[in-house]
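Peer 1: Encoded as C-alpha cells, here's the structure I'll be asking about.
The values are calculated or read from the model by the stated rules, or taken from the named source; none is laboratory data. Remember, predicted model here, so these are calculated numbers, not experimental data. Glycine gets a Cβ as well: all are built from the backbone with ideal geometry, and neighbour counts include every protein chain shown. Just so you know, the surface numbers come from the protein's heavy atoms only, side chains and all, with ligands and any DNA or RNA stripped out. Shrake-Rupley method; radii C 1.70, N 1.55, O 1.52, S 1.80 Å.
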Amino acid sequence: MTPADLSRTVLHTVRRAVEDDELRVPVPERVSVRVPPRPGCGDYATNVALQLAKGGDRPALEIAEVLRRRLAARPGIARVDIAGPGFLNITLDGDGASDEEIVREVFAAEYEGEALPLSPSVEDVARLGGDAARWSAVSPPGLDRSLLLVQKDSNPLFRVRYAHARARALSRNARDLGFDSLPGAVGSSAAGPLLGALADHARVSAARAPERLARHLERTADAFLRWQTGCAVLPRGDEKPLAVHRARLALAEATGKVLANGLTQLGITAPAHL
C-alpha cells in the first residue's frame, strides 16, 4: 500500500463514518499521511483527527478512536494506534499479498539503477564526505547533519547502510551453513511492516523522488532491523535448516536488494560489511 493508497483509504474511512452518522464533520478533500520521524511509531501517521476536530463538535481523541477502530478493520492494515492529542499511527500488514509473493516480486523486479541528480554543496562534501553529503541533501531541515558522521542508531544513513550490510551478512552465514534461500511463509507476524515496505518499493523507485526514496529506505531498514532482532533468521546450534529459515533468508535477501537499489539511486555506496 503506497502513501497515496493509504491516504485514499483514510479519506474513504472518514466518509463512511460520516455517512453512518458516527461522525458529524465536514469531509475534507484530501488527507495527508507521512512517515513518522521516529521508528516504532508505525509505518505512516496522519493528523486527520486533529483536522476534523476543528470543524466538528467532538474532541480529536474521540474522532481518532472512531477512525482507529474502522481503519484497523481495513485490508492491508495490521494495527492503528493513537498518539499524543489524536495522531493516528498506522502499521501496514504487507499489502494483502503473501510473504512468498512479495519476496518473489522483489527478486524478479528490475528497478531503476541510475543515480538521481542530487547536488550536495561543496561545503557539505568537504565536511561530511560524498555519501553523507548526498544523504544530507535529501534529509529534513531539522536533522542535525553532524549525526551523519556517527555510527549510531540516531544516524538514519547508518541505519540504512547497516541494515544492508546485515542482510548481506545473513546470506554469507547461510552459505557457510550450507543452505540457500527459498521464498515462502516466514512464520512471523512481526514481518508485516517489512513486507509492506518491500511491496511499496517498485512504486517508490519508479517515482524517482529523492526525499520520498530516502524516507522509504529508512522505513525499510527500521522494519528489517526490528524484525531480524526478534526473529531467528538462521538455524541455531545444532538445528537443521527448515523451510521457515529458507523463507526468512529470502526475505532478508529481498531487503538487501531493495536497500542496495535505493542507495544506488541516491548515489550512495551500499556496503557489504559495516
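Peer 1: How far apart, in nm, are the 7 Å Cα→Cβ label points at Leu242 and Ser171?
Peer 2: My value for the distance between the label points is 2.6 nm.
Peer 1: A follow-up question, please. Could you work out how far apart the two model spin labels at Glu29 and Leu118 are, taking each label as a point 7 Å from the Cα in the direction of the beta carbon, and quote it in nm?
Peer 2: 3.3 nm
Peer 1: Could you please report the charge total around Gly187, scoring K, R as +1 and D, E as -1 over all other residues with beta-carbon less than 13 angstrom from its beta-carbon?
Peer 2: It works out to a net charge of 0.
Peer 1: Using alpha carbons only, how many degrees (0 to 90, rounded to 10) separate the axis of helix 3-19 from the longest principal axis of the chain?
Peer 2: For helix 3-19, the angle is close to 20 degrees.
Peer 1: Relative to the longest principal Cα axis of the chain, at what angle does helix 99-108 sit, 0 to 90 degrees, rounded to 10?
Peer 2: 60 degrees
Peer 1: Once Lys and Arg get +1 and Asp and Glu get -1 on their Cβ, which of Ala64, Gln151, Thr91 lies farthest toward the positive end of the dipole of the range 1-158?
Peer 2: In the range 1-158, that residue is Ala64.
Peer 1: Now a separate question. Give me the net charge for the shell around Glu62: Cβ to Cβ below 12 angstrom, other residues only, Lys and Arg +1, Asp and Glu -1.
Peer 2: For residues surrounding Glu62, the net value is +1.
Peer 1: Assign unit charges at the C-beta atoms only (+1 for Lys and Arg, -1 for Asp and Glu), then state the dipole size of the chain relative to its Cα centre in Debye, rounded to the nearest 20.
Peer 2: 380 debye
Peer 1: Find which of Gly76, Gly129, Tyr162 sits farthest along the positive direction of the dipole of the chain, computed with +1 on the beta-carbon of Lys and Arg, -1 on that of Asp and Glu, about the Cα centre.
Peer 2: Gly129
Peer 1: Using the heavy atoms of the protein chains and a 1.4 angstrom probe, tell me the accessible area per residue for the range 32-95 in square angstrom.
Peer 2: That works out to 47 Å² per residue.
Peer 1: Right, next: To the nearest 20 debye, what is the magnitude of the charge dipole of the range 172-212 about its Cα centre, counting +1 on the Cβ of each Lys and Arg and -1 on the Cβ of each Asp and Glu?
Peer 2: 140 debye
Peer 1: Please find the FRET efficiency linking Phe179 to Arg16, where r is the Cβ-Cβ separation and R0 is fixed at 51 Å, and quote it to the nearest 0.05.
Peer 2: After rounding, the FRET efficiency stands at 0.60.
Peer 1: Here are a few candidate values for Cα extents along the principal axes in Å: [x] 72, 39, 35; [y] 75, 37, 30; [z] 62, 51, 30. Which one was actually calculated from the structure I just gave you?
Peer 2: [z]
Peer 1: Starting with the highest mean, order 153-163, 22-32, 233-243, 204-214 by the number of other Cβ atoms within 10 Å, averaged over the residues of each peptide.
Peer 2: Highest to lowest by the protection proxy: 153-163, 204-214, 22-32, 233-243.
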